[in-house]
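**Q** Mind looking over this structure? Questions follow.
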Amino acid sequence: MTENNDGIPLETDRKISEPDGFALLADPQRKRCIEILYESTPPLQVADLAERLADLSDQPNKSPMELEIALHHTHLPMLADREVVIYNQTDNTVEKGTNFGYLISLLGIESERSMQFVP
């Protein structure tokens, strides 16, 4: 498996289709999860991910606990099934999976980062 400088698997290793990738990113909470994981040092506790998600949420009436439940029952299993994340339910942690880099490439985060001006 080939990785970029951040240790993220490159999109050439992907095992999901482009439509599936965009379908995963269509949900705002899943998209934000990917962005948070991209900026985090793995593994990340699911409770911490829920807290960060609550801070960024456009639904201020959702508590971190409600978001954590949604992560546990819906979003993380869906992402784990497609190897975007590694979800350890025993330790309640999540980290980048084999297809994580492919979703990052669909979001354009890598290209945005490389275009930033550094004096």
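The values are calculated or read from the model by the stated rules, or taken from the named source; none is laboratory data. Fair warning: this is a prediction, and the values are worked out from it, not measured in the lab. Neighbour counts run over all protein chains shown; Cβ positions are idealised from the backbone, glycine included.
**Q** Which ones in the stretch 27-67 are under 11 Å from V94 (Cβ atoms) and either part of a strand (DSSP E or B) or not aliphatic (A, V, I, L, M) (or both)?
**A** If the condition is that a residue be under 11 Å from V94 (Cβ atoms) and either part of a strand (DSSP E or B) or not aliphatic (A, V, I, L, M) (or both), then C33, S40, P42, P43, L44, Q45, D48 are the ones that fit.
**Q** Quickly run through the stretch 46-87 and pick out the residues that are surrounded by 14 or more Cβ atoms within 10 Å (Cβ to Cβ), of a type in the set (S, T, N, Q) and more than 14 Å from R32 (Cα to Cα).
**A** If the condition is that a residue be surrounded by 14 or more Cβ atoms within 10 Å (Cβ to Cβ), of a type in the set (S, T, N, Q) and more than 14 Å from R32 (Cα to Cα), then no residue fits.
**Q** Something else about it: Taking the stretch 5-43, which residues are of a type in the set (D, E, K, R) and modelled with pLDDT of 90 or more?
**A** E18, D20, D27, R30, K31, R32, E35, E39
**Q** Determine the pairs where a residue that is farther than 11 Å from L106 by Cβ, located within the stretch 23-36, has a partner that is of a type in the set (D, E, K, R) with Cβ atoms under 6 Å apart, the partner being 6 or more residues away or on another chain.
**A** I36/R52
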